[in-house]
Each structure stands twice: as C-alpha cells, then as structure tokens.
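Participant: Handing you this structure, nothing more for now.
The values are calculated or read from the model by the stated rules, or taken from the named source; none is laboratory data. Nothing here was measured: the structure is a model prediction, and the numbers come from that model. Using ideal geometry, Cβ is built from the backbone for each residue, glycine included, and neighbour counts are taken over all protein chains shown. What goes into the accessible areas is simple: the full protein's heavy atoms, side chains included, and nothing from ligands, DNA or RNA. Shrake-Rupley method; radii C 1.70, N 1.55, O 1.52, S 1.80 Å.
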Amino acid sequence: MDEPPFDLAETDRLLSTTRAVRKRLDLDRPVEREVILDCLRLAIQAPTQSNSQTWRWMIVTEPDKKAIVADAYRQVGLSYLEQAAGAEKDPQTQRVYSSAVSLAKLLERVPAMVIPCVTKDYDPAHGNAVAASVYGSIIPATWSFQLALRSRGLGSVFTTLHLFADKVVAEALGIPDDVLQIALLPVAYTIGTDFKPAERPPVEQITYWNAWGATE
C-alpha cells in the first residue's frame, strides 16, 4: 500500500470524534467572526450538484434575533423532546434526548447560530431524486463546516426542529421566500476537547455486498 497523503491517525481522530455537542458548549466565550468565516471557507469546498453552489449561510449573533429563533425552536420542539426523553428506554438515546432538552432551554445563549440554506426551492412532488440532489449539496458542506469547527476547538449539533417554524425564523431574519433553510447549528467553543468515538454496531453487520442482507 502506498504511503497515504494525510496523517491517517489524526484524520481518523477528527472524523471519529466530531460529536453532536449540546451540553459542553461554552456559552460565555465569544466566537470570533473570522473563525466562522474560516470554517465556511473550508465548507464550500465540498462537492455540489452540477456545480450549482446555491448554498447560503445565515449567521445569527444578535441577542434579540437569537431569542426569536430560540423561542420558535422551543414552541415547536421542546414538548416533543421532553416527552421523548421521558419515554426512551435505551440509555444512550435517552441521554441524547435529555441533552437536547437542556440545549433547547438555553438555546439563545449560544454565541452563534448558523443556518445553512439553499437558494432554490424544490417541489417534494418531484420525488426523491430531486430532494437528494438538493440536500446532497448542502449537507456535505455543513458536515465539512462541523469538522472544521471541531479542528479549531469548537462544537455544534445539526438540528432541524426549527424548520417546523421556518416562516417565523425567515421573517425575523429577512430570509427570502425562495430560500430553503436546511438546519440550525448552535456554535460555540467546547468545554474540553476530549471527545471520544460513539458506540456504534460493527460495520460488518450493517454492510451488504451485492445483494441486500448479504454480509459476505
């Protein structure tokens, strides 16, 4: 095997420890504008369908606007998260829901909110292929943004609950009608950087070769 072009140990550590961070976000340390821009410069190197580059990035740092977004998020999502946390039996999943409840209750305190967007809406009636091309452009860029944050000591989590109130958020932020919001990422420096790989099933059990269900 040829010598790999990157330090695999460090690359693999970045990929395997970029967590969905909720409880370990430092709410008191400001996030510099240039750090966000540096991470976005890397994010927009991600592949995009037909080289369309229709992504746009809405950054929210003003306290009054963060409060509007957070209130909208809680209105549509907090009750659901609390019910899910109370009903969940799997310990790991229950911790996820509990941390999501904690984040929702103090969302306006995060230093920055990042809302990835695309400038061309689509009709869901056009089917999965169209939806896949739209989301297949912006989500890789969003993940690259999260990896870039992690490499600089910041954390985030990909959330979508606010999309049930996307019109409220759009009005507050002046987002045009022909722009599709994709997610909401709370962004902050993390409290510590010692994140570990998550528990996942053996990949051999969930990977099929040449026929669905064939693991050999």
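Participant: Sort through 168, 187 and tell me the only one that's in contact with a helix residue (DSSP H, G or I) (Cβ under 7 Å, 6 or more places away or on another chain), over 24 Å from residue 50 (Cβ atoms), modelled with pLDDT of 95 or more and in a helix (DSSP H, G or I).
Facilitator: The conditions single out 168.
Participant: Here's something else I'd like to know. Suppose the filter is β-branched (Val, Ile, Thr), modelled with pLDDT under 95, farther than 27 Å from residue 25 by Cα and surrounded by fewer than 19 Cβ atoms within 10 Å (Cβ to Cβ); does residue 207 pass it?
Facilitator: Answer is no for this residue.
Participant: Here's something else I'd like to know. Considering 22, 41, 95, which residue is of a type in the set (D, E, K, R), more than 17 Å from residue 115 (Cα to Cα) and out of contact with any Gly (no Cβ under 6 Å at 6 or more places or on another chain)?
Facilitator: After applying the criteria, what remains is 95.
Participant: Another question, if that's okay. Regarding residue 99, is this residue surrounded by 15 or more Cβ atoms within 10 Å (Cβ to Cβ), touching a residue at least 12 places away in the same chain (Cβ under 8 Å) and not aromatic (Phe, Trp, Tyr)?
Facilitator: Judged against the criteria, residue 99 is a match.
Participant: What about residue 50, is it open to solvent by 80 Å² or more (accessible area, probe 1.4 Å), small (Gly, Ala, Ser) and either on the phi > 0 side of the Ramachandran plot or touching a residue at least 12 places away in the same chain (Cβ under 8 Å) (or both)?
Facilitator: Taking the combined requirement at face value, the residue satisfies it.
Participant: Here's a follow-up. Consider only pairs whose beta carbons are under 7 Å apart and that are at least six residues apart or on different chains; among these, list those whose first residue lies in the range 12-27 and is closer than 17 Å to residue 97 by Cβ and whose second residue is assigned to a helix (DSSP H, G or I) and hydrophobic (A, V, I, L, M, F, W, C).
Facilitator: Once the first residue is closer than 17 Å to residue 97 by Cβ and sits in the range 12-27, its partners that are assigned to a helix (DSSP H, G or I) and hydrophobic (A, V, I, L, M, F, W, C) give 22/100; 22/103.
Every residue, every condition in (1) over 22 Å from residue 39 (Cα atoms); (2) surrounded by fewer than 19 Cβ atoms within 10 Å (Cβ to Cβ), yes or no:
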{"position": "169", "(1), (2)": "yes, no"}
{"position": "176", "(1), (2)": "yes, yes"}
{"position": "185", "(1), (2)": "no, no"}
{"position": "193", "(1), (2)": "no, yes"}
{"position": "201", "(1), (2)": "yes, yes"}
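Participant: Across the range 128-139, what is the total count of residues that are under 12 Å from the mean Cα position of the chain (by Cα) and open to solvent by less than 50 Å² (accessible area, probe 1.4 Å)?
Facilitator: Matching residues across the range 128-139 total 1.
Participant: Kindly indicate whether residue 79 is at positive phi and either surrounded by 14 or more Cβ atoms within 10 Å (Cβ to Cβ) or out of contact with any strand residue (DSSP E or B) (no Cβ under 6 Å at 6 or more places or on another chain) (or both).
Facilitator: Answer is no for this residue.
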